[in-house]
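Beneath this line is the structure, given in structure tokens, with notes to follow.
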Amino acid sequence: MDLEIDGEKIKQWLIEENILKADVPDERAEWHYVVEFPPNSDQMSDILKPVDKDVVIVISGIVLSEKHYKALHSLSHEKKRNLIFKWKMDLLFREAEFRMIPNDEMLQRIEFSVPIYPDELKKSVLFRALREIFRCKLYVIWNVKHEFDKFSDVESMYL
């Protein structure tokens, strides 16, 4: 059974919830929307359907501010390794997939994504994915703030 992914229906859900910010031209996607979730939070996520794939991907991430990047990478090798290992182990048990970029040794940003397949695509599942990604971002933000609380520019970590 082939289930169709209706980008217009998804767009309508985003409009109903007042979170749609942009319809992005993207040659690698049949459709690509940028949303602000939670509403009025300045937290942006992307929702897209890749060309020739039967999946909707909800994706967002965090970029470390320059100060947080320097603070993280100024830790001793062992302390940095242990901190990032803790993040990886904790994030492993979340619904979202994550990727440390460029890698966990030179961490600059973390991307989170949740794939949604046609047989499970409904408004509640889409919004559950957005909440999951937001929670993952909060986890990293709060951990960085706790570890490096002498810095006050946590808001500069958002992607």
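When you scan the range 11-45, how many residues do you find that are aliphatic (A, V, I, L, M) and out of contact with any strand residue (DSSP E or B) (no Cβ under 7 Å at 6 or more places or on another chain)?
Restricting attention to the range 11-45, the residues satisfying the condition of being aliphatic (A, V, I, L, M) are 14-15, 19-20, 22, 24, 29, 34-35, 44.
Imposing the further condition that a residue be out of contact with any strand residue (DSSP E or B) (no Cβ under 7 Å at 6 or more places or on another chain) reduces the set to 15.
Result for the range 11-45: 1.
Which pairs have Cβ atoms under 6 Å, sit 6 or more apart or on different chains, and link a residue in the range 51-64 that is within 20 Å of P38 (Cβ to Cβ) to one that is outside any strand (DSSP E or B) and among the charged types (D, E, K, R)?
As it stands, the answer is I62/K137, since those pairs meet every condition given.
Read the figures in this text as sums done on the coordinates, not as results from a lab. Just so you know, these numbers come straight off a predicted model, no measurement behind them. Here the Cβ is made from the backbone with ideal geometry for all residues, glycine too, and neighbour counts use every protein chain on show.
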